[in-house]
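S.K.: Let me give you the structure first, and then I'll get to my questions.
The values are calculated or read from the model by the stated rules, or taken from the named source; none is laboratory data. Here the structure is a predicted model, which means the values were calculated and not measured. Positions of Cβ are generated from backbone atoms using ideal geometry, with glycine treated the same way; all protein chains shown enter the neighbour counts. The protein model used for the area step is the full one, side chains on, heavy atoms only, and it has no ligands, DNA or RNA in it. Shrake-Rupley method; radii C 1.70, N 1.55, O 1.52, S 1.80 Å.
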Amino acid sequence: MKTKRPKASAPPILLTNIGQLVTLRGGAGPRRGRDLGELNIVEDAAVLCAAGKIVSAGTRREAMRDRWLQSRKREVREIDCGGGVVLPGFVDSHTHPVFAAPRLIDFEKRIAGATYEEIASAGGGIGASIAAVRKAPRAALAEIVLSALREMAAQGTTTVEAKSGYALNVEGELKSLEALKVVSASWPGTLVPTLLGAHIVPAEFRDKRGEYLRAICDEMVPTAARRKLAQFVDVFVERGAFTIDEARQVFAAARKWDLGVRAHVCQLTPAQVGPLMEFDPASFDHMDYVGDDELPLLAKSNTVATLLPGALYFLGVTRYPAARKMIDAGVAVALATDYNPGTSPTTNMQMVLSLACTQMKMSPGEAIAAATINGAHALRMAERKGSIEAGKDADFAMFAVRDYREICYWFGSNLCGMAVAGGEVATP
Ligand SMILES: [Zn+2]
């Protein structure tokens with residue numbers, strides 16, 4: 001699916017009176033090592049946008065001297081940022097928003113110390129999400145996704161990767177992707193749909209997993225590609241889900257249909273990612289248990305390691321991924337919410353930044369770059385997203401703070417006052 005282009009009709013806007021404009025400009029490829037924390041901040045700044053794109057970004061004084069602006073001052077809508085901080089809109093590059101209900105049984109049972117099996121037999125677990133999504137009409141799913149996306153925009157997120165993966169049959173996975181397509185037309189941000197038919201093997205295929213793999217490779221992938229319902233195909237590589245060899249089969253099918261690939265990997269157990277590299281994955285996500293031996297290979301590649309600390313926080317796990325080690329080894333690291341009903345029910349990238357700093361020892365600058373420009377690289381959209389530079393999409397998040405580090409410092413509240421996506425104000 002071609003992602004929605006900003007509307008050419010969006011009127012010119014001038015963001016002005018920006019105390020700190022966090023541009024993240026410059027540099028080819030994802031940010032690595034020391035460069036990760038290089039934010040390229042402009043103080044007392046302004047940004048001019050037209051037709052949904054950034055025309056220029058710099059100091060306010062430079063902006064005021066711009067001839068184009070001077071000649072069309074009356075047409076331009078001016079947005080006073082009150083001396084606050086402006087970032088590129090967050091790129092949340094890993095979410096599972098197509099579900100029907102929160103998983104409160106899991107939540108309460110897990111707190112009480114129940115095992116995975118006990119939760120499942122009490123009517124919780126992923127089985128509950130699968131049953132509910134299979135039953136839900138497309139319009140109902142679209143409504144649920146839209147309300148999550150609105151919440152995300154209100155918190156500064158303007159680009160969201162969204163996976164199917166809670167139906168796990170051909171009809172239900174396509175219905176989930178159709179729900180995303182419906183929603184992408186009415187949300188001003190950019191939605192990047194991913195087919196996650198390979199989430200787990202559903203119960204009815206437990207003894208015939210080859211048949212389920214064929215359903216993914218021969219039906220879900222080709223139909224999603226033909227109908228332009230997905231840009232990526234994802235596989236959950238884990239004990240109890242899919243093996244590396246099975247992931248290779250799914251990736252081969254995706255590549256045949258010209259879809260990008262990404263994988264959930266090393267969430268609970270280590271895995272050797274080498275055999276997946278020939279498919280040029282856009283990202284490997286979770287990476288909680290990635291081995292040190294894998295890091296040089298990742299550092300040489302354009303595959304982004306997307307870390308999801310919200311899931312660990314919510315599960316009460318204290319062993320966070322070794323972000324410092326990955327960054328120091330030159331691996332490109334991104335941050336995302338992993339928004340989903342089982343393990344990470346949050347839409348808030350600001351909370352993820354807080355977790356990245358306090359639990360994974362990333363600096364505030366590194367966390368912000370991982371949540372913007374490197375998220376854009378994880379979606380292979382960095383030519384349009386993730387930094388504030390002329391020619392890129394006019395996607396911004398404004399914060400009512402004086403210093404960008406405050407965005408990571410204050411936790412549990414929403415500091416975003418306004419988001420702009422494709423040159424349009426995206427917050428109520
Ligand atoms: Zn996930």
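S.K.: Looking only at Cα atoms, what is the convex hull volume of segment 67-200 per residue, in Å³?
M.R.: 153
S.K.: For segment 370-428, what is one quarter of the convex hull surface built on the Cα atoms, given in nm²?
M.R.: For the Cα atoms of segment 370-428, the hull's average projected area reads 4.8 nm².
S.K.: If you don't mind, another one. Measure out, as a whole number of angstrom, how far apart the alpha-carbon centroids of segment 27-74 and segment 191-222 sit.
M.R.: Rounded to whole Å, the Cα centres lie 44 Å apart.
S.K.: Take the chain, connect every pair of alpha-carbon atoms lying under 10 Å apart with a spring to form a Gaussian network, then pick out the residue of Ala122, Ala282, Ala224 with the largest mean-square fluctuation.
M.R.: In this elastic network of the chain, the residue with the biggest mean-square fluctuation among Ala122, Ala282, Ala224 is Ala122.
S.K.: Percentage of Cα-Cα pair distances in segment 258-360 greater than 24 Å, rounded to whole percent? Display every interim value, and only then the final one.
M.R.: On the way: 1016 of 5253 pairs.
Cα-Cα pairs in segment 258-360 separated by more than 24 Å: 19 percent.
S.K.: Oh, and also: Give me the base-10 log of I(q)/I(0) for segment 178-315 at each q in 0.13, 0.15, 0.17, 0.18 Å⁻¹, Debye formula, one uniform scatterer per Cα, rounded to two decimals.
M.R.: Values, matching the q order: -0.59, -0.78, -0.98, -1.08.
S.K.: Helix 244-256 versus the longest principal axis of the chain: what angle, 0 to 90°, nearest 10, using Cα atoms?
M.R.: 60
S.K.: Now, a different point. Could you work out the relative contact order of the chain? I mean the mean sequence separation of Cα pairs under 8 Å and 6+ apart, divided by the number of residues, in percent.
M.R.: Answer for the chain is 23 percent.
S.K.: Let me ask you something else. In percent, how large is the relative contact order of segment 143-302, given Cα pairs closer than 8 Å and 6 or more residues apart?
M.R.: Over segment 143-302, the number comes to 17 percent.
S.K.: Give me D for segment 289-420 in µm² s⁻¹, whole number, from Stokes-Einstein with Rh from the Kirkwood sum over alpha-carbon pairs, 4 °C and 1.567 mPa s.
M.R.: The diffusion coefficient I find is 84 µm²/s.
S.K.: Right, something else. Taking R0 as 35 Å, what FRET efficiency do you get between Thr318 and Arg77 from their Cβ-Cβ distance, rounded to the nearest 0.05?
M.R.: 0.15
S.K.: Just to make sure I understand: if all protein chains stay in place, what is the order of Glu108, Glu118 by accessible area at 1.4 Å, largest first?
M.R.: Of Glu108, Glu118, the descending order of accessible area is Glu108, Glu118.
S.K.: Label segment 16-86 by shape, choosing from rounded, prolate and oblate, from the square roots a ≥ b ≥ c of the eigenvalues of the Cα gyration tensor; if a/c is under 1.5 it is rounded, and otherwise prolate applies when a/b is larger than b/c, oblate when it is not.
M.R.: Because a/c hits 1.5 or more and a/b exceeds b/c, segment 16-86 counts as prolate.
S.K.: Looking at segment 1-110, which trypsin sites (Lys or Arg not before Pro) are DSSP coil and have at most 16 other C-beta atoms within 10 Å of their C-beta? Don't jump to the answer; show the numbers that get you there.
M.R.: On the way: sites: Lys2, Lys4, Lys7, Arg25, Arg31, Arg32, Arg34, Lys53, Arg60, Arg61, Arg65, Arg67, Arg72, Lys73, Arg74, Arg77, Arg103, Lys109, Arg110; in loops: Lys2, Lys4, Lys7, Arg25, Arg31, Arg32, Arg72, Lys73, Arg74, Arg103.
Within segment 1-110, the qualifying trypsin sites (Lys or Arg not before Pro) (loop, at most 16 other Cβ atoms within 10 Å) are Lys2, Lys4, Lys7, Arg72, Lys73, Arg74.
S.K.: A follow-up question, please. Which whole-number value in Å² is the accessible area per residue of the chain, probe 1.4 Å?
M.R.: I get 40 Å² per residue for the chain.
S.K.: Count charges around Tyr289 for me, please; just the other residues with Cβ under 12 Å from its Cβ, Lys/Arg as +1, Asp/Glu as -1.
M.R.: Net of charged neighbours comes to -2.
S.K.: May I ask you to list the residues of segment 342-358 whose amide nitrogen lies under 19 Å from a point 7 Å from Cα along the Cα→beta-carbon direction of Ala122?
M.R.: From segment 342-358, the list is 342-345.
S.K.: What value in Å³ per residue do you get for the convex hull of the alpha-carbon atoms in segment 59-130?
M.R.: Numbers: hull volume 14.3 nm³, N = 72.
Residue-normalised Cα hull volume stands at 198 Å³.
S.K.: State the dimensionless ratio Rg/Rh of the chain (Rg: radius of gyration of Cα atoms; Rh: Kirkwood radius).
M.R.: Rounded to two decimals, Rg/Rh equals 0.97.
S.K.: Another one. Just need the relative contact order of segment 36-132 here, percent rounded to a whole number, with Cα pairs under 8 Å and 6+ apart.
M.R.: Details: 58 pairs, mean separation 15.0, N = 97.
Relative contact order, segment 36-132: 15 percent.
S.K.: With the Cα gyration tensor of segment 1-126 in hand, give its eigenvalues times 5 under a square root as the equivalent ellipsoid semi-axes, listed largest first in whole angstrom.
M.R.: 45, 19, 15
S.K.: Around Leu315, with a cut-off of 15 angstrom between Cβ atoms, what is the net charge of the other residues, counting Lys and Arg +1 and Asp and Glu -1?
M.R.: -1
S.K.: A follow-up question, please. Which percent of the accessible area of the chain is formed by carbon and sulfur heavy atoms (probe 1.4 angstrom)?
M.R.: C and S atoms contribute 52 percent here.
S.K.: Still on this model: Expressed as an acute angle from 0 to 90° and rounded to the nearest 10, what is the orientation of the C-alpha long axis of helix 349-360 relative to the principal long axis of the chain?
M.R.: Approximately 70 degrees, to the nearest 10.
S.K.: Same structure, new question: As I understand it, the value is the acute angle between the Cα axis of helix 138-154 and the longest principal axis of the Cα atoms of the chain; what does it come to in degrees, rounded to 10?
M.R.: For helix 138-154, the angle is close to 40 degrees.
S.K.: Another one. Find out how many positive minus negative residues lie around Ala332, taking Lys and Arg as positive, Asp and Glu as negative, among other residues whose Cβ is under 11 Å from that of Ala332.
M.R.: So the environment of Ala332 carries a net charge of +2.
S.K.: Label points 7 Å out from Cα along the Cβ direction at Glu204 and Glu62: separation in nm?
M.R.: 6.0
S.K.: With respect to the cross-link table entries Lys109/Lys181; Lys300/Lys392; Lys135/Lys163; Lys256/Lys385; Lys175/Lys256; Lys163/Lys228, which display a Cα-Cα separation exceeding 24 Å? Walk me through the numbers before you get to the answer.
M.R.: Details: Lys109/Lys181 35 Å; Lys300/Lys392 26 Å; Lys135/Lys163 18 Å; Lys256/Lys385 27 Å; Lys175/Lys256 22 Å; Lys163/Lys228 14 Å.
Violating the 24 Å Cα-Cα cut-off are Lys109/Lys181; Lys300/Lys392; Lys256/Lys385.
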